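First comes the structure, then the notes that go with it.
The values are calculated or read from the model by the stated rules, or taken from the named source; none is laboratory data. Values in this document were obtained by computation on a predicted structure and should not be read as measured data. Ideal geometry is used to build each Cβ from the backbone, glycine not excepted, and the neighbour counts take in all protein chains shown.
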């Protein structure tokens, strides 16, 4: 972890004050030395002048030689009560020594006071940061995620602040997702309740009739049983589709993506709707580049194309056809599915891929969930799906872009 930004500032201030203190002490020592030297030289000058006046024949070389001797005669001054190890012979130097001593102590004391003040300021700033973080965490505990404490500094507390802010962003996103999920769940439950209410009510009524009417004809009984089976089939399809969509919403599906030929997906989806096509005598015209392929989960893509084909069959007239065309270029792989049925209203186009949406021309038993599931699967493979109203019928255009295949 990087050093504290505030601690760096604190250390810089200490170094600056220390540097100034050293310079001041150096200047004082130089000045003090010069003062001492000046005083000694003045006293020696007085002594030399006295010697010359008393002993005129004494040569200057002899005097200089005496001054520069290295002999240490310490006992002579003791006769006069002077100990050169404890005090100076020149009393003026003693006075200056005490003056400079007081001055140095004052500077050193001022330096210590400044250091203490800087340290206190540093602690205050640090304690304030800690207090801010504590208050921020208290607000987080109150589920208030609107605060910001992200910092661009490099000290430990700033790094801690940034980590807390990242956690805050994550919590905020989790909260928003949770709220959105609750809203989606509420809407889904309302839609499911609405979708299940009609077929379950119909089943109960028909069961009551079967139970109460012992004289019911075999033809009527078979029709009721057939209708009950149809409703149960629709309920089963609804439940299965809702479970699949819920897996998409919760990201709990594991996709096994492989490079798959589009013709294999289209052929398998065509087999899934073959029975429905036979009931309405609808022909599937399949054309395309047999080498075209996409990276996807084969089973899920077959489900997506199957749901689209079911929708086309549902809206197609008897004895009609459905065209399926697929190709691949340098930009995208594409599947086009076109029916020649009643078509889709322009007002329904923006909502056709919404869950449980039923257009104006929807069949009575339509659930309105198949296309929503297809869209979720296709988009999972980085594809896009669009629908277009044709002069006769409806066209679905699915593109899987090359940079994602």
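Per-structure values
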| quantity | calculated |
| --- | --- |
| Lone unmet requirement of (1) over 35 Å from the mean Cα position of the chain (by Cα); (2) modelled with pLDDT of 80 or more for residue 381 | (1) |
| Meets criteria (modelled with pLDDT of 75 or more, surrounded by 10 or more Cβ atoms within 10 Å (Cβ to Cβ) and within 30 Å of residue 103 (Cα to Cα)) for residue 32 | yes |
| Any chance residue 344 is modelled with pLDDT of 70 or more, under 20 Å from residue 323 (Cα atoms) and out of contact with any helix residue (DSSP H, G or I) (no Cβ under 9 Å at 6 or more places or on another chain) | no |
| Selection within the stretch 390-405 - surrounded by fewer than 20 Cβ atoms within 10 Å (Cβ to Cβ) and in contact with a strand residue (DSSP E or B) (Cβ under 8 Å, 6 or more places away or on another chain) | 390, 395, 397, 399, 401, 402, 404, 405 |
| Some residue of the stretch 26-42 being touching a residue at least 60 places away in the same chain (Cβ under 8 Å) and under 60 Å from the mean Cα position of the chain (by Cα) | yes |
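Matching residues to (1) farther than 28 Å from residue 333 by Cβ; (2) exposed (fewer than 14 other Cβ atoms within 10 Å of the Cβ):
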position	(1), (2)
209	yes, yes
214	yes, yes
221	yes, no
247	no, yes
254	no, yes
261	no, no
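Each row is one residue, and each column tells you yes or no for (1) outside any helix (DSSP H, G or I); (2) on the phi < 0 side of the Ramachandran plot; (3) surrounded by fewer than 21 Cβ atoms within 10 Å (Cβ to Cβ).
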site: 244; (1), (2), (3): no, yes, yes
site: 264; (1), (2), (3): no, yes, yes
site: 268; (1), (2), (3): no, yes, yes
site: 279; (1), (2), (3): no, yes, yes
site: 304; (1), (2), (3): no, yes, no
site: 319; (1), (2), (3): yes, no, yes
site: 326; (1), (2), (3): yes, yes, no
